[in-house]
Protein chains: 2
Amino acid sequence: MDQFLEYVDKHQNDFVERLRKAVAIPSVSGDPAHRPDVFRMSEFLVQELKALGASVETRDLGKQDWHGQELDLPPIVLATVGNNPEKKTILVYGHYDVQPALLEDGWSTNPFELVEDENNRLIGRGSSDDKGPVLGWINVVEAHKALGLELPVNIKFCLEGMEESGSEGLDALIFDEASKYFKDVDGVCISDNYWLGTTKPCLTYGLRGVSYFHMKVKGPRADLHSGVFGGTVHEPMTDLVAVMSKLVNPDGKILVPGIYEQVRALSPEEEKTYDDLAFQMEELHDAVGNKINIHDTIRKTLQCRWRNPSLSLHGIEGAFYSPGDKTVIPAQVTGKFSIRTVPDMDPKQVSALVVKFCQDEFAKLGSKNTLDVHCTHDGNYWLSSPNHPNYVAAAKAVETVYGVKPDLTREGGSIPVTLSFQDALKKNVLLLPMGRGDDGAHSINEKLDRSNYIKGTQLLGAYLYEVSQVKL
Amino acid sequence: MDQFLEYVDKHQNDFVERLRKAVAIPSVSGDPAHRPDVFRMSEFLVQELKALGASVETRDLGKQDWHGQELDLPPIVLATVGNNPEKKTILVYGHYDVQPALLEDGWSTNPFELVEDENNRLIGRGSSDDKGPVLGWINVVEAHKALGLELPVNIKFCLEGMEESGSEGLDALIFDEASKYFKDVDGVCISDNYWLGTTKPCLTYGLRGVSYFHMKVKGPRADLHSGVFGGTVHEPMTDLVAVMSKLVNPDGKILVPGIYEQVRALSPEEEKTYDDLAFQMEELHDAVGNKINIHDTIRKTLQCRWRNPSLSLHGIEGAFYSPGDKTVIPAQVTGKFSIRTVPDMDPKQVSALVVKFCQDEFAKLGSKNTLDVHCTHDGNYWLSSPNHPNYVAAAKAVETVYGVKPDLTREGGSIPVTLSFQDALKKNVLLLPMGRGDDGAHSINEKLDRSNYIKGTQLLGAYLYEVSQVKL
């Protein structure tokens with residue numbers, strides 16, 4: 001391992017060049033004009049992997065219906081490095097597509113030209129999300145090949161090109177390949193999220209789920225003039241706003257009965273993971289751009305982000321939304337809201353509780369309008385454990401490379417592929433981020449600090465050494 | 001007068017031909033491509049009036065800024081018929097522009113080609129709103145000229161071409177001409193609204209005002225992801241919906257304290273005007289397309305439309321409004337609502353009560369977000385009296401032509417020009433409609449029943465005879 005770590009450090013400029021080539025391919029999956037670039041990017045990875053001796057296959061995912069236009073979906077790149085049945089097999093997932101980026105959006109430099117600034121930040125679209133981490137794995141393979149070392153584990157790559165556009169076709173492929181291409185996999189590692197802050201690596205072991213709801217109130221056949229009809233008919237907006245106001249209070253407390261009863265109690269052990277997190281309230285204020293935190297401590301704030309449910313009102317479809325004044329009584333309005341779910345909430349129960357509560361509250365109004373409320377989609381929470389050997393291995397790797405114990409974090413949002421791998425393969429999944437919390441993954445001037453890229457490459461390699469030593 | 005009534009009846013086809021010519025000019029004021037047609041329509045009226053011996057002037061209103069494009073505003077056509085200082089002078093207002101109309105919108109026939117169907121309905125854009133009534137006045141003048149009769153009063157015409165597009169420039173002109181062109185005016189008559197139902201003429205003596213409010217809640221610097229921030233920050237939508245839900249209850253009762261204290265009590269005399277109105281609950285159901293009436297009687301329903309205030313929630317700017325699902329915490333959201341005002345509500349007081357109430361309710365939430373609520377515009381209610389000689393004269397005319405006492409109605413919406421004439425000229429204003437409640441003025445297949453056009457012409461003439469006999 002020491003040889004490997006030293007090699008990475010010495011050859012860091014080569015690795016930065018590799019990242020430069022990757023960033024130069026504008027593989028924006030959300031823009032049909034860039035679809036050929038997404039394919040070009042898959043080809044780039046195929047060539048890199050083949051050059052390092054990997055056996056590479058691609059899986060065609062067929063066509064995508066893009067607003068009536070038929071587009072070819074970029075392939076899933078599957079690659080295998082090492083085939084030793086004595087060794088463990090680790091599946092690594094990443095994505096090679098990126099978010100859109102235009103100089104006009106406010107970038108300081110051309111987003112598809114990697115630039116290193118005076119603070120050694122590598123600026124460019126995809127540097128951190130997720131080309132840096134994907135190349136990190138490839139750098140690990142290259143270092144071993146160059147050193148004439150065997151990898152401590154077999155690696156299976158699963159790289160997709162549609163992550164920023166809904167991961168179309170990925171789930172089906174994962175379940176399909178679970179007993180085929182992925183059948184010998186012992187554990188999964190995904191490097192596609194971020195450190196909590198900017199100073200300390202973390203392992204991420206939990207994600208919230210989400211249940212999304214549409215609540216429609218229908219009244220008149222068509223929009224009405226409020227002068228003519230105001231005060232004489234039940235107005236859908238009045239009813240909808242009344243029910244929406246009952247869902248959550250201004251302190252974020254969900255008012256739907258039965259929700260909190262499903263939430264797992266905070267154990268003393270879990271409570272302890274919040275003791276030394278490298279995150280300050282100022283970082284929250286910076287991210288939000290205003291001091292509108294509900295809770296005064298980082299501990300409580302992160303518990304509310306990671307392990308407590310929340311309910312957000314997103315908006316209303318069908319009501320007046322433009323600038324200016326319009327005296328309309330909208331004929332039908334659909335309130336959109338969602339609940340972030342956590343252990344041990346059951347999406348079906350959540351949906352039943354919400355629907356019943358909304359119906360009950362609507363009935364209390366005595367309105368002659370009609371209500372339809374239903375869950376439009378739900379994704380379950382995901383929870384692993386920092387005590388799992390996969391995580392223990394990763395924690396050791398962090399200590400080796402960074403000399404600190406990692407933060408043990410969860411995230412408030414969803415990364416659906418995590419749950420898919422866990423459900424399809426029945427193996428432990430580890431989220432091992434490379435970039436920092438301020439990388440601006442979907443924003444302008446996305447960056448990956450040079451040290452994160454290089455130490456991150458070391459970390460991914462060190463993890464493979466450590467995980468080879470544990471029982472998964 | 002009998003001669004006149006008979007003449008109109010005998011020459012009705014000539015009058016229909018005049019309407020046909022007017023409808024054929026697509027004077028859509030809201031479409032720059034049709035602006036030349038609006039000018040053409042003003043020219044048509046100028047020629048018609050001149051041919052009948054009127055002295056005609058036009059007033060140039062200058063330019064309009066239409067989304068950055070400079071457009072010439074169509075002129076106000078001012079015309080005088082008769083100049084006898086012994087006679088009263090009646091100002092008649094109307095407009096010669098129309099709403100947009102396209103065959104593709106669902107019209108059964110070309111909207112700019114007058115078609116008479118088997119039920120003698122004259123179908124075409126502007127037939128009822130407002131070319132029919134404007135030509136009605138001209139028909140009256142023509143009949144008298146043809147018969148060699150003097151008009152019982154002097155008439156001053158004020159015809160505008162921007163009514164459907166905000167009446168730009170009209171108010172300033174009215175106030176400017178009050179002591180000039182309009183200085184001898186004794187009373188005003190506007191034929192630009194509709195019967196309550198479809199069977200009985202009405203006189204309209206009141207309109208509600210409107211006070212429009214924007215209530216903005218600001219939180220984070222930019223939209224946030226609900227996965228990352230849900231449960232940790234005060235969300236502007238939660239706060240806004242909470243305050244909006246406090247404004248009005250599902251039965252239409254305004255919850256802002258102090259509003260109802262300003263509303264004039266219903267006198268027994270006013271109560272009696274609701275006794276014999278030609279309107280059925282079924283007509284409300286048809287108009288609304290659903291049985292969502294708050295009140296079970298026409299009496300109470302029309303009182304709520306005409307003489308009680310109402311509060312409607314129109315929508316929210318800044319929130320998610322598209323189809324589909326989006327897990328956004330909107331950074332700033334602006335609720336739009338308005339209050340329809342009635343005697344004796346004072347817009348300034350209404351605004352002060354609403355602002356204070358919203359601020360108080362927002363303060364109760366304990367949110368760290370900020371609230372800004374203000375009135376964006378207000379227009380006062382308008383109230384005349386059915387006992388005014390101008391109305392008594394019109395009621396007699398209705399009895400002469402239709403053989404019934406007119407309904408005495410008010411309307412729930414605003415017609416700002418009514419108040420402008422009253423305020424500028426300090427003279428009584430009468431609303432004397434020609435068309436029926438189902439004419440579909442701003443809708444597809446707009447029509448004016450032949451009988452309404454012809455009897456309406458008789459009514460306008462008969463009114464001039466009656467009003468010449470009273471003291472204004």
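Residues with beta-carbon under 10 Å from that of B:GLU142, excluding B:GLU142: net charge, scoring Lys, Arg +1 and Asp, Glu -1? Numbers along the way, then the final one.
Details: positive: B:ARG18, B:LYS145; negative: B:ASP14, B:GLU48.
Value of the local net charge: 0.
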Self-check item: Alpha-carbon centroids, the range B:4-77 and the range A:124-183: separation in whole Å
Solution: 72
Exercise. Put a label point 7 Å from Cα along the Cβ direction on B:LYS471, then list its distances to the equivalent points in the other copies in nm, shortest first.
Key: 11.4
Quiz item: Can you give the FRET efficiency for A:ASP72 and B:SER451, using 1/(1 + (r/R0)^6), R0 = 45 Å, r = Cβ-Cβ distance, to the nearest 0.05?
Solution: 0.10
Quiz prompt | For a label point 7 Å along the Cα-to-beta-carbon line of A:ALA24, residues of the range A:429-450 with backbone N under 20 Å | solution = A:446-448, A:450
Exercise. Treat each spin label as a single point 7 Å out from the Cα along the C-beta direction, and report the A:GLU43 to A:TYR260 distance in nm.
Key: 5.8
Quiz item: For A:ALA287 and A:ILE444, what is the calculated FRET efficiency with R₀ set at 25 Å and r taken between the beta-carbons, to the nearest 0.05?
Solution: 0.95
Practice problem: Round to the nearest 10 and give me the degree value, 0 to 90, for the angle of helix A:450-468's Cα axis relative to the longest principal axis of chain A. | Solution: 80
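Calculate, for B:LYS348 and B:VAL404, the FRET efficiency according to 1/(1 + (r/R0)^6) with r their C-beta to C-beta distance and R0 41 Å; round to the nearest 0.05.
Once the sixth-power term is evaluated, E becomes 0.50.
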Practice problem: With both partners inside the protein assembly as shown, how many of the DSSP beta bridges are antiparallel, as a percent to the nearest 5? | Solution: 70
Self-check item: Amide N of the range B:16-60 lying under 14 Å from the label point, which is placed 7 angstrom from the Cα of B:ALA146 along Cα→Cβ
Solution: B:16-19, B:52
Quiz item: Can you list the residues of the range A:204-247 with backbone N under 14 Å from a point 7 Å past the Cα of B:HIS225, pointing along Cα to Cβ?
Solution: A:207-210
Self-check item: Loop sites in the range A:7-111: GluC sites (Glu not before Pro), DSSP, at most 16 other Cβ within 10 Å
Solution: A:GLU86
Self-check item: B:THR58 long-range amide H proximity, modeled H, under 5 Å
Solution: B:LEU78
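Rounded if a/c is under 1.5, else prolate if a/b beats b/c, else oblate: with a ≥ b ≥ c from the C-alpha gyration tensor eigenvalues square-rooted, which is the protein assembly as shown?
Details: a/c = 3.16, a/b = 2.46, b/c = 1.29.
Judged from the Cα gyration tensor, the protein assembly as shown comes out prolate (a/c at least 1.5, a/b above b/c).
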Practice problem: List the distances, in nm to one decimal, from the label point of A:ASN120 to the label points of the same position in every other copy, shortest first, placing each label point 7 Å from Cα along the Cα-to-Cβ direction. | Solution: 9.4
Quiz item: Ratio of Rg to Rh for the range B:22-64, alpha carbon only, Kirkwood?
Solution: 1.02
Self-check item: Long-range HN-HN contacts of B:ASN308 with modeled amide H, under 5 Å
Solution: none
Quiz item: What ranking do A:TRP306, B:TRP382 get, fewest neighbouring Cβ atoms within 10 angstrom at the top?
Solution: A:TRP306, B:TRP382
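Need one number: % antiparallel among DSSP beta bridges in the range A:60-178, to the nearest 5.
Numbers: 11 of 18 bridges.
Among the beta bridges of the range A:60-178, antiparallel pairing accounts for roughly 60 percent.
Of all GluC sites (Glu not before Pro) in the range A:121-214, which ones are in loop regions per DSSP and have a Cβ with at most 11 other Cβ atoms within 10 Å?
On the way: sites: A:GLU142, A:GLU150, A:GLU160, A:GLU163, A:GLU164, A:GLU168, A:GLU177; in loops: A:GLU150, A:GLU168.
Filter output for the range A:121-214: A:GLU150.
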Practice problem: For A:LYS63 paired with B:LYS63, estimate the spin-label separation in nm (one decimal), with each label point 7 Å from Cα along the Cα-to-Cβ line. | Solution: 5.2
Quiz item: Once both axes come from the Cα atoms, what is the angle between helix B:132-147 and the longest principal axis of chain B, in degrees from 0 to 90, rounded to 10?
Solution: 10
Practice problem: Using the 7 Å Cα-to-Cβ label point, sort the distances from A:PRO32 to its equivalents in the other copies shortest first and give them in nm to one decimal. | Solution: 2.9
Quiz item: A:LEU103 versus B:THR199, label points 7 Å from Cα toward the beta carbon: distance in nm?
Solution: 7.4
Self-check item: For the range A:184-193, 3J(HN,Hα) per residue [Karplus equation, 6.51 cos²θ - 1.76 cosθ + 1.60, θ = phi - 60°, Hz, x = Gly/Pro]
Solution: 9, 5, 9, x, 10, 10, 10, 10, 8, 10
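Rounded, prolate or oblate for the range A:1-157? Axes are the square roots of the Cα gyration tensor eigenvalues, ordered a ≥ b ≥ c, and the cut-off for rounded is a/c under 1.5.
Working: a/c = 2.88, a/b = 1.27, b/c = 2.27.
Oblate, because a/c is 1.5 or more while a/b does not exceed b/c.
Considering only DSSP beta bridges with both partners in chain A, what is the antiparallel share in %, to the nearest 5? Intermediate values should be presented prior to the final figure.
Details: 51 of 72 bridges.
In chain A, approximately 70 percent of DSSP beta bridges are antiparallel ones.
For chain B, what does the helix formula give at 222 nm: sum of -39500 (n - 2.57) over DSSP H segments with n ≥ 4, over the residue count, nearest 500 deg cm²/dmol? Each step should come with its number before you reach the end.
Numbers: 14 runs with 159 residues, N = 472.
Roughly -10500 deg cm²/dmol at 222 nm, from the helical runs in chain B.
Once fully extended, how much extra length lies between A:HIS377 and A:ASN119, figured as 0.36 nm per residue of separation less the alpha-carbon to alpha-carbon distance? Mind dumping the intermediate values first?
Numbers: separation 258, 0.36 × 258 = 92.88 nm, distance 4.30 nm.
That pair, A:HIS377 and A:ASN119, stretches by 88.6 nm at full extension.
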Quiz prompt | Inter-centroid distance (Cα atoms) of the range A:345-411 relative to the range B:284-323, Å | solution = 39
Quiz item: If you count, for every residue in A:427-437, the Cβ atoms of partner chains within 10 Å of its Cβ, what is the mean?
Solution: 0
Self-check item: Between 0 and 90°, nearest 10: helix B:12-23 axis offset from chain B longest Cα axis
Solution: 40
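Values quoted throughout were computed directly from the atomic coordinates according to the rules given, and no laboratory measurement underlies them. Model, not experiment: these values are computed from the prediction. Ideal geometry is used to build each Cβ from the backbone, glycine not excepted, and the neighbour counts take in all protein chains shown.
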